[in-house]
Every structure is written in structure tokens, then in C-alpha cells.
1. Between Arg20 and Thr33, what is the spin-label point distance in nm, taking each point 7 Å from the Cα along the Cα→C-beta axis?
2. Of Met164, Met380, how do they rank once you tally other Cβ atoms within 10 Å and put the fewest first?
3. Just tell me which lysines come within less than 23 Å, Cα to Cα, of Lys3; anything on the same chain fewer than 8 places away is out.
4. Take every DSSP beta bridge with both residues inside segment 187-444 and express the antiparallel ones as a percent of the total, to the nearest 5.
5. Give me the net charge for the shell around Asp275: Cβ to Cβ below 9 angstrom, other residues only, Lys and Arg +1, Asp and Glu -1.
6. Arranged by the count of other C-beta atoms within 10 angstrom, fewest first, what order do Thr274, Thr21 take?
7. If each DSSP helix of 4+ residues adds -39,500 (n - 2.57) and the sum is divided by the residues in the chain, what number results at 222 nm, nearest 500 deg cm²/dmol?
8. Where nothing but the Cβ of Lys and Arg (+1) and of Asp and Glu (-1) is charged, how large is the charge dipole of the chain around its Cα centre, in debye to the nearest 20?
Amino acid sequence: MAKPTDVRPKAAALWFLPVRTRVPLKFGAETLTSVTCARVRLRVEDKRGRGAEGWGETPLSVQWVWPSRLSYEERHDALKEFTRRLVKAWAGFDVSGHPIEIGRAFIEGRLRELLDGFNGERGGEPMPWLAALVCCSAFDIALHDAFGRLHNVYVYDTYNAGYMSADLGHFLAPAGSSDVEFTGLYPDRFLVSPRPDRLPAWHLVGGKDWIDDAERDGSEPKDGYPVLLRDWIRADGLKCLKVKLRGNDPEWDYERLARVGRIAVEEGAHWISTDFNATVSDPGYVNGILDRLLIEEPRIYGMILYVEQPFPYELEAHRIDVHSVSARKPLFMDESAHDWRLVRIGRELGWTGVALKTCKTQTGALLALCWAKAHGMTIMVQDLTNPMIAQIPHCLLAAHAGTIMGVETNAMQFYPEASLPEARIHPGVYQRRRGEVDLATLDGPGFAYGAAVTARELGEPAEARE
């Protein structure tokens, strides 16, 4: 049944904002030294013709969304071209409702059609679904923001029966072995409200990061920001460290974890997580590292809060039983968690948690969150090194999700200068102090960006449809 608050998309504009890293960030077998952020302005209207504009932004992180032997340039150009095509598709998408209802209809229908057509035109290696979701996410985020702005309400106060016509039973199906029932429930049932404004911040220890003085080789930046892990911990009061591992070199991975763990103990950090970036094919690889830590470095083993996505993210093609890993430590899906259906498969295989990302759409993140929490799974919110306004929905999702521990936030490590205009509006969102980020200034309609969306000069859009 339609609501008087329903909207539909009417116009869209797209900007590409290039950002360079101050230090390289290793993703699996590849290394990121620059990224293009897609910023979107989306206009919606209700049935009375009232309109509002919303904003969304996502890094088009080529190496993460499309691991391949194709050149970076070929993949990067494909992502940008596909995002351009989404401008016309979103501006002409004739579906009305709440953003979750519109977003789900676009993702399940129009986005899949567009990706199939795009890959058919290109030929060769197809662009993955994960890449399509990331390109789409800035539009979906902007849709949620515009809805809140039109009705002058904080967007997280709209995920309920007062604004949504369809309950969760319309979108989700429970696991066959459970007694979960979604009929009559809405996302607000699974969200934290009121939100906490201070969140523990996870620091990323990249595969090419300098751990201690012995690793200095003269190539490290001299820009006034910390370089060594110890200096980051001291400067930002860090308590949580996420460690990137290789997944194909057990000795290197073990030594890396042990070295980071010893520094964490000496500097007063409390928690570690491990991220293999989907490079492992055998659970025995992860189990061997964890078991050796348990024997040789029991304190460091105890500090590992969870293990993130060691195995290939195409769960339907790689149905690896991972119960032996999750029997040792909580095991979180990241790249695998495209939507709630894959979370359901993951749960059957032994995964115990879900790492959400706004870059896979706000709509998809919320639905996956609801499915996972209803089935007793644990939640985390992971970063795609979100700068500028991309950081704000990312942190708000973590604040409302009830994560296992805070939020990963690492743009201040890899491109701290990129967000200076936005940081003048919301300083606590873009800096880590006492090991936390502070969201207290985020107060207003939509995603509460406030003046952050006008803090920088964007120039002419790369693509627009009015």
C-alpha cells in the first residue's frame, strides 16, 4: 500500500573525484596508489511534486571489486563508464516508494539488466557483480539521503512502518532450519537507537605498511603524519588493529601477525582482526596459523577478535565448509556478503558474522544486517578507505548496526588531506582521538551531512540527467 511519503527518482548528476594515496595500500595480489570517488546528486519527488536532492559517494576501488590480470586502466575505465550509464538509469527509474523499496527494485532488476548488457557489449572478461554494486551504491546512498531531506527527518528514523509500505517479509526469507519470521518486522527492529556518537576506530595495518624502524627504506613519506605502527597507535590512541595478510605464504602471515601483536601489547592496544582478502582456498591454512599462535603467542591469539574473509567470495561456486575455522574464532563474510541470500549460504557453511559496507549499497547493507541479526550472526562495518562525504554514511551504519567493536576507518592513514574541507564541518568524523571517531556533529535530515556537501568545489558533472 502506497504511503504519502513515497518518492521516485527524477534526476541525477555524477562527478568523478580523483584521490592519490600518501602510502600504498596492498589488496591481495594488487596495490592501490590512487582511487576515483564517484559522487552523486540525486533528486526525488513525491506525488505532490515536492522535491529534494540527496548526495552519495563511493570510492571505485578497482583492486577490491575486480581482482584480475586485466590492466588497472581497463578495469578503471569500465567502472567509470558503467557508473556514467547509471545516471540515465536512475533518473528514469519509474518506481515509487521508500528508498529500501526503490533500491531493492533497482538492484534486483535494472542493475542486473544493465550489467548483463554492459558485459555483452564489452566482451572478454565480464565486470563482476560486486563492481556493479559499488558503482550503484553512490546513487542508492543519495536516494536515502534525498528521502530524509524531503521529509526533514534523519534517515535512520525512516526505516519503520511509518514510512515503509513493505515489511521485511517482503524482502527476506528465513533460513529453512530456523524459527525466524520477518512478517510484520521492519529494519528498525534490528538497529541501535539512539545511536552512540563515539565509536572505537580500527586502524588498518596494510601489507606494505612500515611496522618498525628496521623496515624504513627511505621511501616513506615525510609529511608530518605518522609512518610507523607504533607512532600511529600513540598519535591516535588506537586500541584496534586490522592486519592485512597474504593468504599464500603461511610463514609471512604468521610472522606479520606475531610482530603486530607484540607491538600492540607493548603499546596498549587491545584487539586484532585478520584480513586475508579472499586469497585462501583451504581452511587448514587459517587453522594452522591460529593454532600456532595459540601455542606460541597465546596472548596475541586471545587478542584476535575475528577473522575476515579468508576464502573466495563467490560462495555459490566455492562452497567451502568453514566450521573448523569458526570453531576457533568468529569468522566474518566481507566480499561474500553481497546480499542476504549469500549470507544465508555462508551461515550454512559455518560463517558466524557479516562485515557490512555501504559501498555495496545502503539498501543491501540494511537488508543483510536484518537477516544476519535475526539469525544470531554478529555484525561488523568495514571500510573501503572512505574519504570525503563517503565517510559519513559509513560511520552512521556502524553506529546503528551494533557492531562487534566500533568501525574500521582508515582514510586518515592513506589520504588524510583528501577530506580537509569536510573535516572543517565534522572534525570528529575525520580524525581518530583516544582510539575513537566522534559523530556528535552529525545532526540533521538525511545522512546529516550538513554543509559538508558544499564544502568543496565540484565543477561541472561528468554526466547528468535532469
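Every read-out reported here was derived from the displayed coordinates using simple, explicitly stated rules and does not represent laboratory data. This one's a predicted model, so the numbers in the text were calculated from it and none came from an experiment. Here Cβ is always computed from backbone atoms with ideal geometry, including for glycine, and neighbour counts include all displayed protein chains.
1. Taking the two extended label points, one gets 0.9 nm.
2. Values: Met164 22, Met380 27.
Sorted ascending by nearby Cβ count, the order is Met164, Met380.
3. Here the lysines satisfying the reach criterion relative to Lys3 are Lys47.
4. Working: 4 of 27 bridges.
Here the antiparallel bridges make up roughly 15 percent for segment 187-444.
5. Values: positive: Lys242, Lys244; negative: Glu308, Asp334.
Residues near Asp275 contribute 0 overall.
6. Numbers: Thr274 25, Thr21 19.
Ranking Thr274, Thr21 by Cβ neighbours within 10 Å, fewest first, gives Thr21, Thr274.
7. Details: 15 runs with 157 residues, N = 466.
Mean residue ellipticity at 222 nm (helix-derived): -10000 deg cm²/dmol.
8. Numbers: 55 positive and 64 negative charges, 171 e Å.
Approximately 820 debye in magnitude.
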